[in-house]
Amino acid sequence: MRLGKTAAATDPGRRRRRNEDSFVVEPPLFAVADGMGGAQAGEVASRLAAGALKEGEGAIEELIQEANRRVHQRSMEDPGASGMGTTMTVAVVEHGIVRIGHVGDSRAYLVRDGELEQLTQDHSLVGELVRTGRLSPEEAESHPQRSVITRAVGTDPDVDVDTLTVETRTGDVFLICSDGLTDMVDDRTILQTVEEKRGDLDAVVKTLVKNANKGGGEDNITVVRSEEHTSELQSPCNLV
Ligand code: MG
């Protein structure tokens, strides 16, 4: 399998002056990090975490642990950065498999056979309430505390990393994005956009960002995508 074109888009949205999201497009590795913390700490956290991925080596979980160490260490050294952290959703494409590592409420999706599947679990207060049946997915969408996350990179000396692997099939589309997209754009619209603009990498990420801004643009928005081709089948399989 070889990777083809890549595309990514990030935008501060309409309500926030700064963009605390970072992304990594270093095929075969792709990631989104959504930083949080006072003043500029959110930006620092997501950039430190992204840097750890770019410079690091090893399995996906080790990369995220290294990101955790760097962010946590800085937060201990710099009083202005105390308590900062970041989400981190990472995908590595290798030999017909996509490996995913995940902490926080950014998301990885898979579009397959005309359906959108959320591959990652949100480590958020509302995510846990939905999983335990105490909140419906619809209630979660408008919950006042929907931005409260329960697991982050950098807030503690160690972090639990969710990992999963997906065997790719021809025509698969993978999408990694921050909550600035998923809070503003529903799953149906995300699916529609991917399907309608399947052949155009840039158009998918730009249209998703545009839709998030149209929906209110209340947070920073980041979408990452790349396209891969299976060498045997010569058919496109996309990683967004
Ligand atoms: Mg966000």
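Per residue, the accessible area of region 61-100 comes to 45 Å², computed with a 1.4 Å probe over protein heavy atoms only. Each peptide in 196-205, 132-141 was scored by the mean count of other Cβ atoms within 10 Å over its residues; highest first, the order is 196-205, 132-141.
Here the chain has 43 percent of its accessible surface on carbon and sulfur atoms, given a 1.4 Å probe and all protein chains in place. Ranked by the mean number of other Cβ atoms within 10 Å of their residues, highest first, the peptides 62-74, 150-162 fall in the order 62-74, 150-162. Which stretch or stretches of region 44-73 have amide N atoms under 18 Å from the point lying 7 Å from residue 17's Cα along the Cα→Cβ direction? The answer is 44. At a probe radius of 1.4 angstrom, the accessible area of region 131-203 per residue rounds to 55 square angstrom. Taken over the chain, lysine pairs spaced eight or more positions apart, or on distinct chains, with alpha carbons under 25 Å apart number 9. Distance between the C-alpha centres of region 43-60 and region 122-161: 23 Å, rounded to the whole angstrom. Once the C-beta distance of residue 200 and residue 97 is scaled by a Förster radius of 35 Å, the resulting FRET efficiency is 0.85 to the nearest 0.05. Other residues within the sphere of radius under 11 Å centred on the Cβ of residue 120, judged by their own Cβ, net out at -3 (K and R +1, D and E -1).
Helical runs (DSSP H, four residues minimum) scored at -39500 (n - 2.57) apiece and divided by the length of the chain put the mean residue ellipticity at 222 nm at -9000 deg cm²/dmol.
Each residue of region 157-167 is assigned a 3J(HN,Hα), and the resulting list reads x, 10, 9, 7, 10, 7, 10, 7, 10, 10, 6 Hz, derived from the Karplus form 6.51 cos²θ - 1.76 cosθ + 1.60 (θ = phi - 60°), x at Gly and Pro.
Using the Kirkwood radius built from alpha carbon pairs, what does the Stokes-Einstein equation give as D for the chain at 20 °C and 1.002 mPa s, in µm² per second? The estimated diffusion coefficient comes to 121 µm²/s. Each Cα pair under 8 Å and six or more residues apart adds its separation to the average, and for the chain the resulting relative contact order is 28 percent.
The values are calculated or read from the model by the stated rules, or taken from the named source; none is laboratory data. Just so it is clear, the structure is predicted and the values come from calculations on it, not from any experiment. Here the Cβ is made from the backbone with ideal geometry for all residues, glycine too, and neighbour counts use every protein chain on show. Note: accessible area is taken over every heavy atom of the protein model, side chains too, but ligands, DNA and RNA are not part of it. Shrake-Rupley method; radii C 1.70, N 1.55, O 1.52, S 1.80 Å.
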